[in-house]
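Novice: Mind looking over this structure? Questions follow.
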Amino acid sequence: LALSAVTMLPFVFMPADANMVLVQVILFLRGIGMGLAGMPLMSAAFATAPKRLLSHATAEINILQRVAGALGSAIFVAILSENGTPGIDAFHTTFLWLTLTSVAGTGIAAWVALEGRRAGAASRSVA
């Protein structure tokens, strides 16, 4: 997630006539970051679900991903097209918001990971 957040930042400052190879390299690195984040997040989500509710957890996570993805896309498109036809400034503003939400998501994921480790350590010390 941190790699995704870091690779989003250059788009905040990128000119309209940016080198396409540079854009593709940055997007490639962002895709690697998203790919590396996806499986551990899903594994952690399934690991916290009780075995008897695992089938329900699968459906709920699937629904949450689809709804949140559509809602997030709609919000950022609204930010992009806030003042009519988007220019480069609108793209910079949108990418700034995307960067900020990526940083927030990284922070939340780190917090959840630390809490999970703390809870795991506490349960091991009790047992």
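The values are calculated or read from the model by the stated rules, or taken from the named source; none is laboratory data. Since we're looking at a predicted model, the values are computed, not measured. Cβ sites come from the backbone with ideal geometry, for glycine too, and all protein chains shown count toward neighbours. Calculation scope for accessible area: heavy atoms of the full protein, side chains included, ligands and nucleic acids excluded. Shrake-Rupley method; radii C 1.70, N 1.55, O 1.52, S 1.80 Å.
Novice: Looking at (1) open to solvent by 50 Å² or more (accessible area, probe 1.4 Å); (2) farther than 20 Å from residue 1 by Cβ; (3) within 21 Å of the chain's Cα centre (by Cα), find the lone condition where residue 53 falls short.
Specialist: Condition not satisfied by residue 53: (3).
Novice: Here is a follow-up. Inspect the stretch 93-100 for any residue being open to solvent by 70 Å² or more (accessible area, probe 1.4 Å) and not hydrophobic (A, V, I, L, M, F, W, C) and give the result as yes or no.
Specialist: No, the stretch 93-100 has no match at all.
Novice: If you take just the helices (runs of 4 or more DSSP H) that sit entirely in the stretch 1-103, which of them hold at least 3 residues that are over 29 Å from residue 116 (Cβ atoms)?
Specialist: The qualifying helices (runs of 4 or more DSSP H) are 10-13, 20-48, 54-80.
Novice: Evaluate the following for residue 85: is it more than 16 Å from the chain's Cα centre (by Cα) and surrounded by fewer than 10 Cβ atoms within 10 Å (Cβ to Cβ)?
Specialist: Spelling it out, residue 85 is indeed more than 16 Å from the chain's Cα centre (by Cα) and surrounded by fewer than 10 Cβ atoms within 10 Å (Cβ to Cβ).
Novice: So, one more: Which one is modelled with the highest pLDDT, of the residues in the stretch 60-100 that are among the acidic types (Asp, Glu) and closer than 23 Å to residue 16 by Cα?
Specialist: Ranking the qualifying residues of the stretch 60-100, first place goes to 89.
Novice: Separate question: For the stretch 2-50: of the residues being open to solvent by less than 80 Å² (accessible area, probe 1.4 Å) and polar (S, T, N, Q), which is nearest to residue 93 (Cα to Cα)?
Specialist: Out of the qualifying residues, it is 7.
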